[in-house]
Structures are given as C-alpha cells and as structure tokens.
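Q: First, the structure itself, so that you have it in front of you.
The values are calculated or read from the model by the stated rules, or taken from the named source; none is laboratory data. Since this is a predicted model, take the numbers as computed values, not measurements. Note that each Cβ is placed from the backbone with ideal geometry, even for glycine, and that neighbours are counted across all protein chains shown. Areas reflect the complete protein model, heavy atoms only, side chains present, ligands, DNA and RNA absent. Shrake-Rupley method; radii C 1.70, N 1.55, O 1.52, S 1.80 Å.
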Amino acid sequence: MTLAKTARDSDSGTRQEAHHDSVQTSHRERESWIDRLKGWSILLVVIGHNVSLNSEWHEGIALLYLFHVPLFFIVAGLTLRPDAGAGRMFERSLSLVWVYFGVGALFLTRDIFESGGDVHAITQAMAGLLYGTGLTIRPVPMWFLPCLALTLLMVHFSLAAALRARLASRLTTMSVLAATWFALGTLAVSQENSVRVAHPGWGNAAQSGWFWSADIALLGAGYVFIGLMLKGALDAVDKRGVLGTGLGAAALFGVVVFIGQPAVDLNLRVFDPAIPALLASIGGALALIACARGLGPLPLDDFFTRLGQATLPVLAFHNPIQNLVSQLGQDQSPLWTGLAGVALAVSIPMLLDSWVLSRTWPGRWIFYPRKAFNSWRNRIQPRGAS
C-alpha cells in the first residue's frame, strides 16, 4: 500500500511538473510574440517621427499614424489582467507616471542648463511637464505614459463596475464598454478643432489638449478593451485562423483608407472622420498583431524581441537622436539621413538599456521602477524577518 501510494504521489508530482513546465513554456511563447510585436510597434513610431523620412514618404508615414499609437493601447490590453485588483492597477499606472517624471526630469535638467538660469523658461518647462501632453513637454513621445496610466484606471474601474452590475456576459460587457469609451473619446476630440501648436507651459485644453491627455485616454480605453477581447480570441484560434483574421483586417484597413481617407494623429487630436479613423486604426493594428502571433519567429526576430523589451528607452530618446542626425545631415539625401536616424535612434537606446539602464540602480529606478522596487523589497525582507 505504501509503495502504491508512493507511486501515485510520484505520478501526480510528475504530472504537476509537466503541467508547470507547459504553462511556463506557453508563458514564454506568449511573452516572446508580444515582445516581437512591441519591437515592430516602436520601430513604426520611430519611423513616423523621423523628419527626413516624413519629407520623402509623407503619405506612407500618414498610413503609419493611422494605427501605430492605437496599437500600443491594444497591446496594453493584451498584457492586462482584467481580474487584477485595484492595487495592482494603481501600481502599474503609478509606474508609468514614475517613468514619465523620471525621464522628464532628465530633459528638464538639460533645459535648466541651456536656459542659463532663466527663471521664466525654467518655470514654463516645469509647468509643461506637469500638464503632461505632447504639446507641452520636451520629450514629446512621453505624453503617452501618463495618458496610458489614466486609460488603465478608466478601464479597470469601468469594467469592475459593469461586472458588479451583472447586466450581461463578460464579452458583451467589454464590447459595450469599448463602444462607450470610443464614443466619449470621439466626442472629446471633435470638440477640440483649433489648430494645434507647441505651447510649452501650463496651457489649456484649447492649446494643449486635456491634462495628461485625458481626452485621448478616453479613446485609449476603447482600444484597451479591444486588446482584452483579442486576448482570449487569439489563444482559442490556431495560427492559420490568426493569419486569416490578419488578412481580413489588412483588407479592411485598405478599403477604409481608400474609401474613407481617414487621418489620425492622436497627439495633435486628429481623428477624422471618426468612424473610418476608428476602423482603419483597429484594422491596421489587428493585421500587425496577427502577423506577430501567427507567423512565428522571423529573420531578425531576436533583434525585434530585444527592441520590444527596450521600448521605454527607445520611446524616451529616439526623438533627440533623430533630430540631431537630421541637423547634421541637412546637406545629404533625406532618405539616407532618415534611415541613419532610424538606425541610431533604435540602436543607441537599446545599447544604453543593455549596458547602463538595466544594470545600474539609477537606470532601473527610472525606467523599471516596479522591478527595482521588488528587488529592493526582497533584499530588505530577510533583515526585517530576522
């Protein structure tokens, strides 16, 4: 009897270990394709922000703007745990705001140095950083982080309230919430039809958008719900089905662009016409997601996976690098200057992340605060316990 029990326990343990290994493998595969997707996405952002390439391929860059920022909102939904508590959601949102102010402080230090002690210029820069839209800050792309922080809170509390009411199934609830947030976001953006210009300083909604881009966060919440709904669907469909969905999404994108001719630039509050802009943004994002999920490893896959892991440093530093390259290459071909700018704007932050940011405590505390805090907490816990 003892031998039989031991055999059963051993068999049970083997099954548990196999299941654990299977879960870990599945988790690694999921993380791999999401990192690949993030790498593709941030590369599109870098290309879209390249002044030289924009002058050469303006129409092509305009196509990227239709979906490259919405794609990041959808990716946030793909990586979000809807059942996570309010504490976890606050922690994730707070870490985004922390990175925003950490990077903002670096650029503010540069502004103080360049201003030569001009109190008015320094005050304006600080006010713009607090207001936190892409039209009031020096590291323009960083507007996305406080905006995403607000978006995640909107998603969490609206979903929690709707599920608590138990009015419909989970999928129906998410669909209704996505439509609601899209409607609110479209209404908010459509009310801001003034010409957008850079306004360093506190500003107001007519000049700079809502505080922390809360108007765009309304749209962002809709995209995050799209990501949440995709999360389960992608796991339930085989790779052929995923690629078929991606092909259909690409076809939708092409048809809507050809017929509706939408324009999207969320930083400048351009989202017009609303329905074609929404369909094009979802179609383009879904096509890229399907490629990342369905195609598997591709040439340069390790590079793009690593690029996806260095998204925050690339987001923070790619604009200054590209602007410097454009200035130095004014007399050169815009095409080659643009390509050189993209290459350096991607590679320098990646190397900086590998050699400095992920290895030093200041880099970890600025760009990876959750990991840094958990590491610090793990180090002090044994001392407290003893």
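Q: Mind counting the residues in the range 214-246 that are among the charged types (D, E, K, R), open to solvent by 10 Å² or more (accessible area, probe 1.4 Å) and in a helix (DSSP H, G or I)?
A: Summing the residues that are among the charged types (D, E, K, R), open to solvent by 10 Å² or more (accessible area, probe 1.4 Å) and in a helix (DSSP H, G or I) in the range 214-246 gives 4.
Q: For the subset of the range 252-269 comprising residues that are open to solvent by 40 Å² or more (accessible area, probe 1.4 Å) and in contact (Cβ under 8 Å) with a residue 12 or more places away in the chain, which member is nearest to Cys291 (Cα to Cα)?
A: Only one residue tops the list, namely Leu252.
Q: Does Pro349 satisfy the criteria of being at negative phi and at pLDDT below 95?
A: no
Q: Another question, then. Could you check how many residues of the range 70-86 are open to solvent by 30 Å² or more (accessible area, probe 1.4 Å) and either among the small types (Gly, Ala, Ser) or touching a residue at least 24 places away in the same chain (Cβ under 8 Å) (or both)?
A: Of the residues in the range 70-86, 5 are open to solvent by 30 Å² or more (accessible area, probe 1.4 Å) and either among the small types (Gly, Ala, Ser) or touching a residue at least 24 places away in the same chain (Cβ under 8 Å) (or both).
Q: So, in the range 60-109, exactly how many residues are under 12 Å from the mean Cα position of the chain (by Cα) and part of a helix (DSSP H, G or I)?
A: 12
Q: Then there's this: Taking Arg359, is it of a type in the set (Lys, Arg), in a loop (DSSP other than H, G, I, E, B) and open to solvent by 30 Å² or more (accessible area, probe 1.4 Å)?
A: The answer is yes for Arg359.
Q: If Ala62 passes every condition in (1) open to solvent by less than 20 Å² (accessible area, probe 1.4 Å); (2) in contact with a strand residue (DSSP E or B) (Cβ under 9 Å, 6 or more places away or on another chain); (3) small (Gly, Ala, Ser) but one, which one does it miss?
A: Failing condition for Ala62: (1).
Q: Can you tell me which residue among Ile34, Ile47 is β-branched (Val, Ile, Thr), at pLDDT 95 or above and assigned to a helix (DSSP H, G or I)?
A: Ile47
Q: Could you figure out which of (1) without any contact (Cβ under 8 Å) to a residue 12 or more places away in the chain; (2) under 24 Å from Ile321 (Cβ atoms); (3) surrounded by 14 or more Cβ atoms within 10 Å (Cβ to Cβ) isn't true of Met142?
A: Here Met142 meets the rest and fails (1).
Q: Under the condition of being open to solvent by 50 Å² or more (accessible area, probe 1.4 Å) and in contact with a helix residue (DSSP H, G or I) (Cβ under 7 Å, 6 or more places away or on another chain), which residue from the range 336-356 is farthest from Leu106 (Cα to Cα)?
A: Step by step, filter the range 336-356, then rank; the result is Leu344.
Q: Within the range 80-120, track down each residue that is farther than 21 Å from Ala161 by Cα and among the polar types (S, T, N, Q).
A: Ser95, Thr109, Ser115
Q: Further, regarding this structure: Go through Ala274, Ala316 for me and flag whichever is closer than 30 Å to Trp181 by Cα, touching a residue at least 24 places away in the same chain (Cβ under 8 Å) and open to solvent by less than 20 Å² (accessible area, probe 1.4 Å).
A: Answer to the selection: Ala316.
Q: Here is a follow-up. Among (1) under 30 Å from Arg88 (Cβ atoms); (2) part of a helix (DSSP H, G or I), there is one condition Gly134 misses while meeting the rest; what is its number?
A: (2)
Q: Might you let me know whether the range 213-226 holds any residue that is of a type in the set (S, T, N, Q) and under 24 Å from Pro273 (Cβ atoms)?
A: Checked against the condition, which is being of a type in the set (S, T, N, Q) and under 24 Å from Pro273 (Cβ atoms), the range 213-226 yields at least one hit.
Q: Further, regarding this structure: I need the full set of residues from the range 163-187 which are at pLDDT below 90 and either surrounded by 14 or more Cβ atoms within 10 Å (Cβ to Cβ) or more than 25 Å from the chain's Cα centre (by Cα) (or both), in order please.
A: Correct list: Leu163, Arg164, Ala165, Arg166, Leu167, Ala168, Ser169, Arg170.
Q: Of the conditions (1) among the hydrophobic types (A, V, I, L, M, F, W, C); (2) modelled with pLDDT of 80 or more; (3) farther than 20 Å from Ala263 by Cβ, Ile216 clears all except one; give me its number.
A: The failed condition is (3).
Q: Got a number for residues in the range 87-127 being more than 23 Å from Pro369 (Cα to Cα) and either crowded, with 22+ Cβ neighbours inside 10 Å or in contact with a helix residue (DSSP H, G or I) (Cβ under 8 Å, 6 or more places away or on another chain) (or both)?
A: Result for the range 87-127: 6.
Q: Would you mind listing the helices (runs of 4 or more DSSP H) fully within the range 253-352 where at least 2 residues are more than 18 Å from Trp40 (Cβ to Cβ)?
A: 274-294, 311-328, 334-352
Q: Determine, yes or no, whether Phe157 is open to solvent by 20 Å² or more (accessible area, probe 1.4 Å), assigned to a helix (DSSP H, G or I) and under 26 Å from Ile42 (Cβ atoms).
A: no
Q: Right, next: Given the criteria touching a Phe, Trp or Tyr at 6+ places or on another chain (Cβ under 7 Å) and open to solvent by less than 30 Å² (accessible area, probe 1.4 Å), does Ala280 qualify?
A: Yes; evaluated as a whole, the condition is true for this residue.
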